[in-house]
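Read the structure below first, then the notes.
A short reminder: the numbers here are calculations on the coordinates, not readings from a lab. Computed from a prediction, not measured in an experiment: that's the story for all the values here. Here the Cβ positions follow ideal geometry from the backbone for every residue, glycine too, while neighbour counts run over all protein chains shown.
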Amino acid sequence: MDMYTHIMVGSNDIARSKTFYDALFTALGGQPGRQAPDAERVLYLHHGAVFIVTRPIDGQPATHANGGTIGLGAVDPAQVEAAHAAGTAHGGTAIEGPLGERDTGLGKAYLGYLRDPDGNKLCLGCRLPAA
Amino acid sequence: MFSHVVLGANDIAEAKRFYDAILGVLGAPEGVIDPWGRLVYSHEGSRFLLTRPLNGEPATHANGGTLGFAAKSIEQADAWHAAGLAHGGTAIEDPPGYRYPPVGKIYLAYLRDPTGNKLCARYLVPAA
């Protein structure tokens with residue numbers, strides 16, 4: 001059992017978000033999202049976890065956090081690069097410099113950062129074997 | 001799917017009191033401070049971090065964002081909520097209780113952490 005049941009991020013344009021996250025999750029080996037009947041949410045089921053993009057229920061604009069990041073796991077550096085490229089080609093923005101190897105404090109990882117069309121910060125990454 | 005999640009905190013000590021309490025109820029070990037001053041929890045194969053923002057600006061919560069934690073029972077979800085309220089959290093939405101999504105029956109409890117990040121504990125009620 002995972003620590004997390006689900007993660008939600010806010011969106012100001014569900015169709016725009018679906019274009020972005022469909023490309024991202026497909027590159028990670030997942031499936032396109034399923035839109036809720038009211039078209040206010042899109043759900044992604046991947047590796048037993050749930051990621052949901054939603055219009056805020058308070059009717060106010062969706063905003064991203066400062067200090068927050070959602071890490072999405074990839075199988076290898078090539079998949080990190082493919083997902084990062086898919087995201088930036090579909091409305092995402094590359095941030096935090098080029099993709100590459102970083103020391104996470106718990107071993108090495110290959111990481112790439114981007115923001116979704118609403119500014120939510122994402123980290124694509126995979127662990128690297130110890131040398 | 002999720003390799004890790006990071007939330008912003010304006011006061012790491014305050015965050016540690018809050019998250020040690022609510023994650024302790026879920027069975028997680030106490031958080032540790034890493035060499036970068038971040039608060040790190042490892043539980044059920046997942047990692048969860050609290051950090052002061054790298055850009056030096058105040059930590060802010062998202063609007064539309066929620067992080068859902070897995071509870072193993074209704075009692076544990078209730079204890080999670082109570083621990084949060086007793087350690088700097090704020091109750092939001094409806095009180096802890098059942099929700100009926102299109103599939104299944106779930107028990108949910110909602111809190112905001114001391115920085116305002118929206119959290120929920122979810123217990124999936126087994127089908128009768």
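What is the magnitude of the charge dipole of chain A about its Cα centre, with +1 placed on the Cβ of each Lys and Arg, -1 on the Cβ of each Asp and Glu, and no other charges, expressed in debye to the nearest 20? Write out the running numbers ahead of the final one.
Details: 10 positive and 13 negative charges, 9 e Å.
With Lys and Arg at +1 and Asp and Glu at -1, about 40 debye.
Calculation over all alpha carbon pairs of the protein assembly as shown in 5 angstrom steps from 0 returns a P(r) of 1, 6, 13, 19, 20, 19, 13, 8, 2, 0, 0 percent.
R0 = 30 Å: FRET efficiency of B:Glu30 with A:Leu128, Cβ-based, nearest 0.05? Efficiency computed from Cβ-Cβ geometry: 0.60. Mean residue ellipticity, 222 nm, helices only, chain B: the sum of -39500 (n - 2.57) across DSSP H runs of n ≥ 4, divided by residue count and rounded to 500, is -6500 deg cm²/dmol. Taking every alpha-carbon pair within chain B, the share separated by more than 25 Å comes to 22 percent.
Can you give the charge dipole size of the range B:22-119 about its Cα centre, rounded to the nearest 20 debye, using +1 on the beta carbon of Lys and Arg and -1 on the beta carbon of Asp and Glu? Before the final figure, lay out each step's value.
Working: 8 positive and 9 negative charges, 36 e Å.
That gives the range B:22-119 a dipole magnitude of about 180 debye.
Ordered by the count of other Cβ atoms within 10 Å of each Cβ, fewest first, A:Ser11, B:Ser73 give B:Ser73, A:Ser11. Remark: the range A:81-131 carries a charge dipole of roughly 120 debye about the Cα centre, counting +1 on each Lys and Arg Cβ and -1 on each Asp and Glu Cβ. Each part reduced to its alpha carbon centroid, the range A:14-70 and the range A:113-131 end up 16 Å apart.
Between beta-carbons, use under 11 Å as the cut-off and find the net charge around B:Cys120, counting Lys and Arg +1, Asp and Glu -1.
Working: positive: B:Arg99, B:Arg112, B:Lys118, B:Arg122; negative: B:Glu93.
Taking every Cβ under 11 Å from that of B:Cys120, the sum is +3.
Can you give the FRET efficiency for A:Gln35 and A:Asp2, using 1/(1 + (r/R0)^6), R0 = 22 Å, r = Cβ-Cβ distance, to the nearest 0.05? Before the final figure, lay out each step's value.
Numbers: r = 24 Å, r/R0 = 1.10.
The computed FRET efficiency comes out at 0.35.
Against the longest alpha carbon principal axis of chain B, how many degrees, from 0 to 90 and to the nearest 10, is the axis of helix B:12-25 turned? Around 30 degrees separate the two axes.
The calculated FRET efficiency for B:Glu44 paired with A:Thr19, based on their beta-carbon distance and R0 = 25 Å, is about 0.20.
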